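Worksheet: one structure, shown below.
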Amino acid sequence: MHRVFVALAMLAPMLTHAAPLIGLSAADVPALLKPPSHGERIIELWALDCVYCELNMQAAAAFQRAHPDDVQLITVATDSIAQKDAILERLHATGLDRYAARAYTDATPERINYLLDPGWGGETPRTLVIHANGTTRGISGALTPQRLPAL
């Protein structure tokens with residue numbers, strides 16, 4: 001019996017699946033912004049040097065967990081994918097590594113910022129909510145438990 005528990009303990013890390021970090025280029029943005037077939041897609045834009053970004057991502061993750069069939073969460077680091085190790089480390093440390101994760105690949109991040117949201121100046125945190133009906137809302141700044149459902 002003891003061997004079974006030891007075997008399960010050794011397998012536990014393999015059972016928690018971390019999502020891979022995928023590059024986001026300008027050519028990938030239209031697919032990311034495509035409305036979901038139902039519910040909402042939340043895109044959390046964040047940066048390694050952003051103080052409030054983790055709180056926003058955790059609030060979005062809690063909202064997604066409360067509505068797992070209706071809400072898709074994708075984190076997008078506005079940092080270069082060349083910083084992959086630091087990005088993955090931060091996502092893992094905050095418990096957000098199980099969600100789809102992207103990071104910028106283009107040499108001109110401002111272009112991706114504009115393609116994601118023409119009214120966005122690049123400040124983080126930034127939250128985009130894309131509804132199945134095609135409407136999109138974007139907000140900058142801290143999320144509160146009341147603010148996210150209102151989007």
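In this simple spin-label model, placing a label point 7 Å from the Cα along the Cα-to-Cβ direction at both ALA93 and SER37 gives a separation of 3.8 nm. Ellipticity at 222 nm from helices only: DSSP H runs of n ≥ 4 in the chain, each -39500 (n - 2.57), divided by the residue count, give -10500 deg cm²/dmol. If you take every residue apart from THR108 with its C-beta less than 15 Å away from the C-beta of THR108, what net charge results, scoring Lys and Arg +1 and Asp and Glu -1? Here the count lands on -3. When the chain is described by a simple charge dipole with +1 on each Lys and Arg Cβ and -1 on each Asp and Glu Cβ, the residue from SER80, ALA18, THR94 located farthest towards its positive end is ALA18. What does the charge count around THR127 come to, taking other residues whose C-beta lies under 14 Å from its C-beta (Lys +1, Arg +1, Asp -1, Glu -1)? Summing Lys/Arg as +1 and Asp/Glu as -1 gives -1. Name the residue, out of GLN64, GLN83, GLN72, whose mean-square fluctuation peaks in a Gaussian network model built on the chain with Cα pairs under 10 Å. Among GLN64, GLN83, GLN72, the largest mean-square fluctuation in the Gaussian network model of the chain belongs to GLN83. Computed from Cα positions, the angle between helix 2-15 and the longest principal axis of the chain comes to roughly 10 degrees.
Remark: relative contact order (the chain) = 33 percent; criterion is Cα-Cα distance under 8 angstrom and separation of 6 or more residues. The value of relative contact order for the range 25-114, using C-alpha pairs under 8 Å at least six residues apart, is 33 percent.
Relative to the Cα centre, the charge distribution of the chain, modelled as +1 at Lys and Arg Cβ and -1 at Asp and Glu Cβ, gives a dipole magnitude of about 360 debye.
Using 0.36 nm per residue and subtracting the Cα-Cα separation, the extra length available between ALA19 and THR136 on full extension is 39.6 nm. Here GLU40, GLU89 are placed in order of increasing Cβ neighbour count within 10 Å, fewest first, which gives GLU89, GLU40. Here the 3J(HN,Hα) profile of the range 22-34, calculated from phi with Karplus coefficients 6.51, -1.76 and 1.60 at θ = phi - 60°, is 10, x, 10, 9, 4, 5, 7, 4, x, 5, 5, 8, 4 Hz, Gly and Pro shown as x. Here are several values of semi-axes √(5λ) of the Cα gyration tensor in Å: [x] 48, 36, 8; [y] 32, 17, 13; [z] 28, 19, 14. Which one was derived from the coordinates shown? Evaluating semi-axes √(5λ) of the Cα gyration tensor in Å on these atoms matches [z].
Throughout, read-outs are computed from the coordinates displayed, never taken from laboratory work. These figures come from a predicted structure and were not determined experimentally. A quick note on method: Cβ atoms are made from the backbone with ideal geometry, for glycine too, and the neighbour counts reach across all protein chains shown.
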